[in-house]
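Report on the following structure.
What follows draws every value from the coordinates through simple rules; no lab data is involved. These figures come from a predicted structure and were not determined experimentally. All Cβ positions, glycine included, derive from the backbone under ideal geometry; neighbour counts span all protein chains shown.
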Amino acid sequence: MVFDKIKRAFGGGSEDPEYVEIDLGREVKKSKVLVKPFVLKSFEDITPILNSLREGYTIAIIDIKPLRSKDVIELKRAISKIKKTADALEGSIAGFGENIIIVTPSFAEIHKAQQDRPAPSSDRDLMRE
């Protein structure tokens, strides 16, 4: 009985809570990167690609072969639109082979190897010595 009086005095015995705790600091964020393949068959197929890139956690691997064999002008339009979006998001875009394009978000970078070019003839002579 004495303990019940003490609980009521400190608010522990009441059935109705005086406050409700709301945690606003906990937002659900994606912590994993998603590598997602896409096939570009028409210009309209870029919409899901752009939406995935805008989420910020997607690395897009795009097969452009179907559109390349169908309409090269539409392919150039589609790649231009994807490149503009990647640039706006500070991402990277690169082609791998003739049929694959990879687009990454801002936190990922694509290694672009420099192609070996022949040195000028005077430099070649120096290298032989």
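Over the range 34-104, the hull volume per residue, using the convex hull of the C-alpha atoms, is 66 Å³. Between LYS112 and LYS70, the C-beta separation translates, for a Förster distance of 25 Å, into a calculated FRET efficiency of about 0.35.
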